[in-house]
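Note sheet for the following structure.
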Amino acid sequence: MAAPVVEAEASGRAATRPPARERKNGRFSVHFAHYKWLYLLLLPGVLYFAVFRYGPMYGVSIAFKDYVPFLGVNGSQWVGTQHFEDFFSNPDFPRLLGNTLILAFLNLGIAFPLTIVLALLLNEVRLSILKRTVQTLVYIPHFLSWTIVASLSFLLFALDIGPLFQFLNGVMGTNIDFLSDPAWFRPLIVLQEIWKNTGWGTIIFLAALATVDQDQYEAAIIDGAGRFRRVWHITLPGIRSTIIVMLILAIGQMLNTGFEQIYLMTNALNRDVADVFDTYVYFVGITQGAYSYSTAVGLFKSLVGLVLIFGTNWLAKRFNQSGLF
Amino acid sequence: MIRRKLSLAAAVVTVSALTLTACSGSEEPAADLTSVSIMAPFLEAQPPSADGAVQKKLEELTGKDVNITWTPNSSYEDKTNITLAGSDIPQIMVIQGKTPGFVKNAEAGAFWDLTDKLDKYPNLKTTFPEIQENASINGKVYGVYRGRAPMRAAVMFRQDWLDKLGLQPPKTTEDLYKVAKAFTEQDPDGNGQDDTWGITIPKWGALGTNSPYDLIEEWYGAGNRWTEKDGKLIPSFETEEFLEANRFVKKMVDEKLINPDFATFDGTKWNEPFFNGKGGIIVDVDSRVSVLINLFKQADPANFENKVGFVGNLVGPDGELHAHPTDGYSGFLAIPKAKVRTEAELDKVLEFLNTMNGKDVATLLNNGIEGVNFTVEDGKAATIKPETPEGKAVSTDIKSYAQLGMNVAGNNFYPVKQASDYEQQVFDKRTEVMAEDLKSAVYNPAAPYVSATYVAKGAQLDNIVADARIKYLAGQIDEQGLKDAIKLWDTSGGNKVKEEINKLWQDNK
């Protein structure tokens, strides 16, 4: 019941020309009053982020503490940057960084362009029913869990009896155990990634492709441009901004090399090339109870991700493209 | 107006944030213990129902309201830590082992030190002090351990193959090699094809986990995790016997007597090659004998006998039997100080555990309810057939309730009567073989000791050697590479672990 009184007060103040600072506030209040229902709509989102995203960030402080669950986050001792120092001076660090970066760049360099290629190919399919069927079929692997993908790989590449084991070794005239040979770990991981997610990734590009102006194609055809010319000069420039936004997002996620996938495919013989930040955090943090240390590692990973996002965005703007923000 | 509204919004945010965290508030300790809360893991698909017959009987026998929080085994350790960090702490927590997380909590004072308290309670006074010592942290007992059979190592083989080739069951590691070689090369299944191998080993590399490698190393005399040499404790992988044992395993790998995909073979399929007649030998715990017999029984109930043979531990090349025991316990029941605040309350809780470990409750937890799901025949618990729905419910529930059993003074319940005479014979022979092997058991001298460095990075350290062992066996590195890995263990922190363990060992001698 207090609200009308307050409103009256506010309007009264506006009438008597308040000083500049107040006036600015006043304008905001008018603005706020005008859009209050929109702000109300915003509230759940803000609350969600405050409670579930920003609140838990308080827990990041354990990266600078010697966290013991019984003592709680507040009761544990501060240790400064000791965990970070331990991590950077650890002999595992260069190996983890190397493995993570190599896998990340392989995924980015192979899987990401393949998504665009597949989208372009689908876009060129004229028969609508064929296009739709293929689209649906390539989406399906995305919905299988990594456990299933790993199990399928184990069956297909099983030593001596797996069909792909027999086929590939037959073609190459070798006897390679793909599942334990360290040299084949990365190709296998990238292959799984392509198989599982390429189809799904085309959705956004297909949507972007639908917006490309059809008149330009007609004009190009009249000018005598072939298919590849059209793709190169019309289609690709048409979806360039989408590609850049997707690239920035992909780079931000780059270091998330996929815990489940790598964990499932790791064994004693390929661990040297398989260990990445995600599996290391699990291994050290969960199985060894080193919560503080693994939080420090996770925090480091997030910071690198943040730097990568800003870096790519800056580069994109630098080359005169629209960035993400 | 805005300011008020904004502050209202801020208040809403704060209040909702607070309600998420502020469920705390200390409870007044009850004068007398009328209810007991327990946190325990369940390994079955479903936790037992809270109003089942076993639960009712348990409350009747103990005279308390027993509130058990059943927690899935897979996330148990996480849940333990979350529970300890929260405010809704139970009076009794099943702890599954001396994990780094538990050690840190215990050393920070999260649990009662029961070292001098347990002997006052007749059912909690252990008859195996060395196992209680193993379960302690540097001599401090933080819980009533859950006793497990201390001797379980066995070699299982296809008895029909052995008979067909006219061989004797292996007694020594050298015999094991001969049988494995015969199983690989002499066509034991008689199908005229070279499609069998000797020993099946799954993906199981970690050190000191009673893996087939660990067993063979111990049989060779490398010791059990740690061994005493020249008045000092050293890890068993720093002995000459460790290298010898792995040379032996490598010879078998090279001659294809072991499945070639031993580094990646899925452990859940371990029985399949044995059952399907591919790999004729498994080195594991003796309870797998029953599992294997059951597989044959399900496939052909009329003709399943004499398919599975087994022996216990094998004599090493030095002519002596170094039998491999387990640590003899599987975690413990610990009492958090945050919930049980005074000595008087602690006494009440321990009295409750004393009742839990008495004959009546132990029988309930392990056998079930007499007359409902089992009857006693010749001092053994025989399952009532055909099973009634009530009986079946009890039999299912006790699989979880057995998690609460401690049995620190031996098994205070009936042994289970096996389904057929043949299975009973095999079971009795198992018991006999294991009892005999136990006399030659070589224990882990460092089991009670927890080194700070090991807690911090033991798993990473051990991985260095564990991975090198598999790489050596697979031929990725040579013996020098294996030795280098062991040196790397030393220099990456292992030397510090050795120092700490030896100090603890000397101090407690």
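I'd like to check something: does segment B:129-138 contain any residue that is touching a strand residue (DSSP E or B) at 6+ places or on another chain (Cβ under 8 Å), assigned to a strand (DSSP E or B), of a type in the set (A, V, I, L, M) and in the same structural domain as B:Leu350 (by TED's automatic domain parsing)? No, that holds for no residue. Please report, ordered by residue number, the strands (runs of 3 or more DSSP E) entirely within segment B:270-370 with at least 2 residues that are closer than 29 Å to B:Asp187 by Cβ. Answer list for segment B:270-370: B:279-285, B:308-311. Of all residues in segment B:60-73, those satisfying the criterion of being touching a strand residue (DSSP E or B) at 6+ places or on another chain (Cβ under 9 Å) and more than 15 Å from B:Gln91 (Cβ to Cβ) are B:Trp70, B:Thr71, B:Pro72, B:Asn73. Going through (1) hydroxyl-bearing (Ser, Thr, Tyr); (2) in contact (Cβ under 8 Å) with a residue 40 or more places away in the chain; (3) surrounded by fewer than 15 Cβ atoms within 10 Å (Cβ to Cβ) one by one, B:Tyr401 falls short only on (3). Residue under question is B:Ile216, and the condition is that it be part of a loop (DSSP other than H, G, I, E, B), assigned by TED's automatic domain parsing to the domain that holds B:Gly475, surrounded by 15 or more Cβ atoms within 10 Å (Cβ to Cβ) and β-branched (Val, Ile, Thr); does it hold? Against the criterion (part of a loop (DSSP other than H, G, I, E, B), assigned by TED's automatic domain parsing to the domain that holds B:Gly475, surrounded by 15 or more Cβ atoms within 10 Å (Cβ to Cβ) and β-branched (Val, Ile, Thr)), B:Ile216 does not qualify.
The one condition from (1) surrounded by 21 or more Cβ atoms within 10 Å (Cβ to Cβ); (2) modelled with pLDDT of 85 or more; (3) of a type outside the set (Lys, Arg) that A:Gly289 does not meet is (2).
Which of the residues belonging to segment B:217-276 are aliphatic (A, V, I, L, M) and farther than 22 Å from B:Tyr449 by Cβ? Passing the criteria: B:Leu243, B:Ala245, B:Val249, B:Met252, B:Val253, B:Leu257, B:Ile258, B:Ala263. A count restricted to segment B:100-128 and to residues that are farther than 23 Å from B:Ala459 by Cβ and either at the interface with chain A (Cβ under 9 Å from one of its Cβ atoms) or assigned to a helix (DSSP H, G or I) (or both) stands at 4. Only one of the numbered conditions (1) more than 28 Å from B:Trp112 (Cα to Cα); (2) among the polar types (S, T, N, Q); (3) surrounded by fewer than 22 Cβ atoms within 10 Å (Cβ to Cβ) is violated by B:Asn367, and that is (3).
Every condition in (1) surrounded by 19 or more Cβ atoms within 10 Å (Cβ to Cβ); (2) part of a loop (DSSP other than H, G, I, E, B) holds for B:Ala381 except the one numbered (2). The residue that is nearest to B:Pro150 (Cα to Cα), counting only those in segment B:465-479 that are touching a Leu at 6+ places or on another chain (Cβ under 8 Å) and more than 10 Å from chain A (Cβ to nearest Cβ), is B:Val465. For segment B:311-350, taking the residues that are more than 21 Å from B:Leu438 (Cα to Cα) and of a type in the set (Asp, Glu), the one that is nearest to the chain's Cα centre (by Cα) is identified as B:Asp347.
Considering only residues in segment A:174-206 that are closer than 26 Å to B:Lys278 by Cα and without any contact (Cβ under 8 Å) to a residue 60 or more places away in the chain, the one that is farthest from the other protein chains (Cβ to nearest Cβ) turns out to be A:Thr174. Scanning segment A:221-271 for residues that are at pLDDT below 90, over 18 Å from A:Lys196 (Cα atoms) and of a type in the set (Phe, Trp, Tyr) returns a single hit, A:Phe228. Looking only at residues of segment B:190-212 that are touching a Ser or Thr at 6+ places or on another chain (Cβ under 8 Å) and not in a loop (DSSP other than H, G, I, E, B), we find that the one that is farthest from the other protein chains (Cβ to nearest Cβ) is B:Gly198. Would you call B:Val433 away from every other protein chain (no Cβ under 14 Å), under 26 Å from B:Ser287 (Cβ atoms) and touching a His at 6+ places or on another chain (Cβ under 9 Å)? No: the conditions fail for B:Val433.
For (1) outside the structural domain of B:Ala446 (by TED's automatic domain parsing); (2) closer than 30 Å to A:Ser294 by Cα, each residue gets a yes or a no:
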position: B:Thr99; (1), (2): yes, yes
position: B:Phe102; (1), (2): yes, yes
position: B:Ala106; (1), (2): yes, yes
position: B:Asp113; (1), (2): yes, yes
position: B:Lys125; (1), (2): yes, no
position: B:Val141; (1), (2): yes, yes
position: B:Val144; (1), (2): yes, no
position: B:Lys164; (1), (2): no, no
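When residues in segment A:35-88 are screened for being of a type in the set (Gly, Ala, Ser), assigned to a helix (DSSP H, G or I), more than 28 Å from the chain's Cα centre (by Cα) and away from every other protein chain (no Cβ under 11 Å), 0 of them pass. For segment B:89-99, check the following and say yes or no: at least one residue is of a type in the set (D, E, K, R), within 14 Å of chain A (Cβ to nearest Cβ), assigned to a helix (DSSP H, G or I) and surrounded by 15 or more Cβ atoms within 10 Å (Cβ to Cβ). No. When segment A:44-87 is filtered for residues that are of a type in the set (Phe, Trp, Tyr) and either at pLDDT 90 or above or under 22 Å from B:Pro336 (Cβ atoms) (or both), the ones remaining, listed by number, are A:Tyr48, A:Phe49, A:Phe52, A:Tyr54, A:Phe64, A:Tyr67, A:Phe70, A:Trp78, A:Phe84.
The values are calculated or read from the model by the stated rules, or taken from the named source; none is laboratory data. Just so you know, these numbers come straight off a predicted model, no measurement behind them. Note that we place each Cβ from the backbone using ideal geometry, even for glycine, and neighbour counts take in every protein chain shown.
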